Structure formats: structure tokens, C-alpha cells
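Have a look at the structure below before the remarks.
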């Protein structure tokens, strides 16, 4: 018995004559392996978005094909092999534009500053790539928690100074691939102190005193990062945001610097 032909509603014509810039799937969780500077690869789980453009004459797109393309690719993901995913999307959908976004936790083993106690520190990372008319774009983003200590508070207080955790979101375009760890390290060196997953009492003393000796406003933080990026010929464009979760104010402090961004 021959199978019954199923109606393909997505391929029916649409008469509103409105093209869609991006259509696809998002919030798709998928296991991946990422290049790791210390251990060659690191296994993690990404939240994925895959999209293509949809011409005005088509009613819809076939969502299952996005998942098929992702599974065809396999689990290993790095800068060099994101492009084949985009090219495959263009082919499968007969599209002119394709976009892929992989957002995942990335872990670095860090030794505490005084005792050397080791713990895994987690960071947020995003690969965002697109292709349109053979033009390819790739953006690497890291989200890095840091400590900042207020220079004004230190200058005017007889005892101590207020300090808080902050979060830096640093996005870059580059001529050559950049190690995730190197981008995170750049951010951490620009703060009052980096954070650690595991601290004993001697480590807490060391971190507290390091922050006290290196006060930075949120403005200082983004400027410090921007200065390093400006001096790196490999970085062609960047966007750096910093947000301090203020400890004595009922608001957050925020700053942003962009260079050649679009």
C-alpha cells in the first residue's frame, strides 16, 4: 500500500508580499564540544538559534530541516566549522541569508591566589555567525563576572570602600580566531579583581586587598578593556558593556564603548 501524500502547507504561496528577515528555531539545546586552550576540547551544552530569510512568496519554512542540519554537523563546534553549518542552511532552504547562534557555559579551572586551591569558574560564551551573499560575519562574545571597588568611596571613607560584583559583556570581531580564555583573561585584568569559584580565608584576604589597591569605576572598566582591544591588531571591532551590581545604591551602574561596531 502506497503512503498517502501529505499536504505541504509551508510551501503554499503567500499573497501579502512581505519578506521575513529571519525565521527558524531558537532555544534548542544541543551538546557540543568546544576548543579549549588547556585541554584541547571541552564538552558543554549550547542553546542554539538557527534562522534563514524567507522570500515574500512563500507561506512558511520547514522547521525540521534546521534540526536536521544541526545533527548532520555533529557535536564538535569551533570558529572554523560554523561556516559549513551556514552554507548547509543556505542550500537546504534555498535561502540568501543564514544566521546561527550558539550560547553556552564555558569552564576554566582557576587556582586561588594565596592557597592555590582549585575550582571551576563558569563564564557565558556566545558564537554568533551569519552569511549573506557570500559575506561572512562572526562575533565572539564572553560574559565575565568581576569585582569592582569604587575609587570615590575609597577616597572619602576613613574605613574601607564599597565594592561589588559586576558583569562585563565583551563582543569582538577579529582577523584570526581568538581563544575564549584569552578574551576572558583580558577582561579580568581590567577589573579591580577577578572572581574565583573556591576561596579559603587567606585567599579572601588576598582578593579583598587586591581590589582595594586597584579601584575602578564602571567607566574605568570599559575604558581599560577598550584600550587593550585598541592595541590588538587582530581585533577589528568590539563592543564592551559593563554593569556593576551596586552594593550601597538601589540601582546598577552601566557603561558601554563601541568601536567599528555595526
Q. In degrees between 0 and 90, to the nearest 10, how far off the longest principal axis of the chain does helix 64-73 point, with axes built from Cα atoms?
A. 60 degrees
Q.
Out of all DSSP beta bridges in the chain, what portion is antiparallel? Express it as a percent rounded to 5.
A. 95 percent
Q) Going by how many other Cβ atoms sit within 10 Å of their own, how do 175, 132, 194 line up, fewest first? A) 175, 132, 194
Q. Does the stretch 207-262 classify as rounded, prolate or oblate by the C-alpha gyration tensor (a ≥ b ≥ c root eigenvalues; a/c under 1.5 gives rounded; else a/b over b/c gives prolate, otherwise oblate)?
A. oblate
**Q.** Ellipticity estimate at 222 nm from DSSP helix runs (n ≥ 4, -39,500 (n - 2.57)) divided over the chain, nearest 500
**A.** -7500 deg cm²/dmol
Q. From the Cα gyration tensor of the stretch 101-228, with a ≥ b ≥ c the square roots of its eigenvalues, which class applies: rounded if a/c is under 1.5, or else prolate if a/b is larger than b/c, or else oblate?
A. oblate
Q) Taking a point 7 angstrom from the Cα of residue 37 along the C-beta vector, which residues in the stretch 216-258 have backbone N less than 18 Å away? A) 225-236
Q: Given the options 157, 192, 174, state which has the largest fluctuation in a GNM of the chain using a 10 Å cut-off (strictly under) for Cα springs.
A: 157
Q. Any idea what the relative contact order of the stretch 185-262 is, in percent, if you count C-alpha pairs under 8 Å spaced at least 6 apart?
A. 26 percent
Q | Mean separation of Cα contacts under 8 Å, 6 or more apart, over the residue count of the chain: relative contact order % | A | 14 percent
Q. Which percent of Cα pairs goes in each bin when the distances of the chain are cut into 5 angstrom slices starting at zero?
A. 1, 5, 11, 13, 14, 14, 12, 9, 7, 5, 4, 2, 2, 1, 0, 0, 0, 0
Q. Taking the alpha-carbon centroid of each part, what is the distance from the stretch 127-183 to the stretch 186-262 in angstrom?
A. 7 Å
Q: Rounded to the nearest 10 degrees, what's the angle between the helix 82-93 long axis and the longest principal axis of the chain, both from Cα atoms, 0 to 90?
A: 30 degrees
Q: Once you've got the GNM for the chain with C-alpha springs shorter than 10 Å, pick whichever of 70, 50, 89 has the biggest mean-square fluctuation.
A: 70
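Read-outs throughout are calculated quantities, based only on the coordinates presented, and are distinct from any laboratory measurement. On a predicted model such as this, the values are computed, not experimentally measured, just so you know. Neighbour counts run over all protein chains shown; Cβ positions are idealised from the backbone, glycine included.
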